[in-house]
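Reading through the structure tokens given below for one structure.
The values are calculated or read from the model by the stated rules, or taken from the named source; none is laboratory data. Source: prediction; values computed, not measured. Here the Cβ is made from the backbone with ideal geometry for all residues, glycine too, and neighbour counts use every protein chain on show. The protein model used for the area step is the full one, side chains on, heavy atoms only, and it has no ligands, DNA or RNA in it. Shrake-Rupley method; radii C 1.70, N 1.55, O 1.52, S 1.80 Å.
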Amino acid sequence: MEKREQLYEGKAKKVYATDDPELLIVSYKDDATAFNGLKKGTITGKGVINNRMSNALMARLEKTGIPTHFVKELSERDTLVKRVRIVPLEVIVRNISAGSFSKRYGVPEGIPFEEPTIEFSYKNDSLGDPLINTYHALALKLATKAEIDTIKDYAFRINDELKAIWKKRGVTLVDFKLEFGRLSDGTIVLADEISPDTCRLWDSETGKKLDKDRFRRDLGGVEEAYAEIMERLENEE
Ligand code: TMP
Ligand code: ASP
């Protein structure tokens with residue numbers, strides 16, 4: 001499958017057309033941003049790791065009955081995916097307090113929840129991805145009620161699966177962000193990526209952060225953390 005014209009360049013990936021109108025190639029970059037693009041940097045080797053990790057995790061999810069956009073890894077940085085129209089919602093699942101949850105509600109990071117939580121942000125950079133509820137998503141016609149129900153069901157099932165995968169590897173899945181898309185026939189599938197850019201992953205013993213928070217918060221050892229979390233995933237497989 002050959003790359004045709006570039007269709008889109010995002011903060012962390014480029015998207016190319018192929019000769020099949022239903023398939024695209026995503027190409028992962030080493031560019032990193034945070035705080036809605038305010039902070040910019042490079043995490044050397046990140047694109048290779050995120051590509052490999054996202055593909056491995058999506059392949060696992062497919063096996064448990066979650067449809068995803070993943071088709072085939074083409075190279076270190078390039079993956080063939082199904083073309084989707086992205087549902088403009090960032091779907092965030094949390095198991096433990098951290099990040100904007102802790103900030104918004106004034107609670108320390110690291111408090112485990114009885115039950116996972118789910119929240120939605122309106123994916124809109126110029127508005128700063130505002131938090132919305134499902135009524136707002138319906139009012140804004142971002143998705144239908146049936147689509148939102150499907151997305152919630154998938155998101156919690158994905159959480160169960162990912163939590164178990166990481167637990168075996170001595171890693172606690174704190175929270176993560178998902179994006180879903182519609183295939184040309186309207187089927188909802190998991191899209192975008194699942195990587196240390198989009199998840200909080202803490203070493204279960206030491207609590208060491210093995211994700212993009214090292215970049216966001218200037219904690220140092222960013223590249224090393226990405227390499228370590230990738231190694232943890234692959235070594236158990
Ligand atoms: P938050 O605590 O900052 O809301 O982040 C929740 C999770 O979502 C965390 O695992 C990081 C991820 N995330 C993204 O993937 N993209 C984003 O733009 C933001 C703000 C968070
Ligand atoms: N990637 C997002 C941005 O540029 C934020 C993040 O992951 O923290 O703003």
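Residue by residue through the range 205-215, what is 3J(HN,Hα) from phi via Karplus (6.51 cos²θ - 1.76 cosθ + 1.60, θ = phi - 60°)? Round to whole Hz and write x for glycine and proline.
Karplus values, whole Hz, x for Gly and Pro: 7, 9, x, 4, 7, 10, 7, 5, 4, 4, 6.
Please state the relative contact order of the chain as a whole percent: Cα pairs under 8 Å, 6+ residues apart?
Relative contact order, the chain: 17 percent.
Give the lysines whose C-alpha is closer than 25 Å to that of residue 13, dropping any in the same chain fewer than 8 places away, or say none.
3, 29, 39, 40, 46, 72, 82, 123, 177, 209, 212
Taking 0.36 nm per intervening residue step and subtracting the Cα-Cα distance, what contour gain separates residue 235 from residue 102 on full extension? Before the final figure, lay out the partial values.
Working: separation 133, 0.36 × 133 = 47.88 nm, distance 3.25 nm.
Length gained between residue 235 and residue 102: 44.6 nm.
Using only alpha carbon pairs under 8 Å that are at least six residues apart, calculate the relative contact order of the range 29-141 and give it in whole percent.
16 percent
Mind checking which of 33, 162, 81 is farthest towards the positive end of the chain's charge dipole, using Cβ charges of +1 (Lys, Arg) and -1 (Asp, Glu) about the Cα centre?
33
Accessible area per residue, 1.4 Å probe, Å², for the chain: what's the number?
For the chain, the solvent-accessible area averages 49 Å² per residue.
Take the Cα atoms of the range 88-186, find their three principal axes, and give me the spread along each one in whole Å, biggest first.
Cα extents, longest axis first: 39, 31, 22 Å.
For a quick check: with amide H placed at 1.01 Å from N, whose amide H comes under 5 Å from residue 96's, ignoring anything fewer than 5 positions away on the same chain?
HN-HN under 5 Å from residue 96: 113.
If all Cα-Cα distances of the range 53-101 are sorted into 5 Å bins from 0 onward, what percent lands in each bin, rounded to whole numbers?
For the range 53-101, the pair-distance distribution reads 5, 15, 19, 22, 19, 13, 8, 1.
What chymotrypsin sites (Phe, Trp or Tyr not before Pro) does the range 1-55 have in DSSP loop regions with at most 11 other beta carbons within 10 Å?
Loop-located and lightly packed - 35.
Starting from 0.36 nm per residue, how many nanometres of slack lie between residue 138 and residue 86 once their C-alpha separation is accounted for?
Values: separation 52, 0.36 × 52 = 18.72 nm, distance 1.56 nm.
Net length gain for the segment: 17.2 nm.
Mind listing the Cα extents of the range 138-200 along all three principal axes, in Å, largest one first?
Each principal axis gives a Cα extent; for the range 138-200 these are 40, 22, 19 Å.
Taking the Cα centre of the chain as origin, work out the dipole magnitude from +1 charges on Lys and Arg Cβ and -1 charges on Asp and Glu Cβ, in debye rounded to 20.
Charge dipole, the chain, about its Cα centre: 460 debye, nearest 20.
Please compute P(r) over all alpha-carbon pairs of the chain, binned at 10 Å starting from zero, and give each bin as a whole-number percent.
7, 32, 40, 19, 2, 0
Choose one answer from 127, 190, 210: the residue with the largest mean-square fluctuation in a GNM of the chain with alpha-carbon springs under 10 Å.
Looking only at 127, 190, 210, the biggest GNM fluctuation is shown by 127.
When the distances between all Cα atoms of the range 171-237 are binned every 10 Å from zero, what whole-number percent does each bin get?
Histogram of Cα-Cα distances, whole percents per bin: 19, 45, 22, 12, 2.
Tell me, what % of the accessible area of the range 1-82 is carbon and sulfur with a 1.4 angstrom probe?
On the way: 2050 of 4050 Å².
The C+S portion of the solvent-accessible surface of the range 1-82 is 51 percent.
For the range 119-204, what is the charge dipole size about the Cα centre, in debye to the nearest 20, if Lys and Arg each add +1 at the Cβ and Asp and Glu each add -1 at the Cβ?
240 debye
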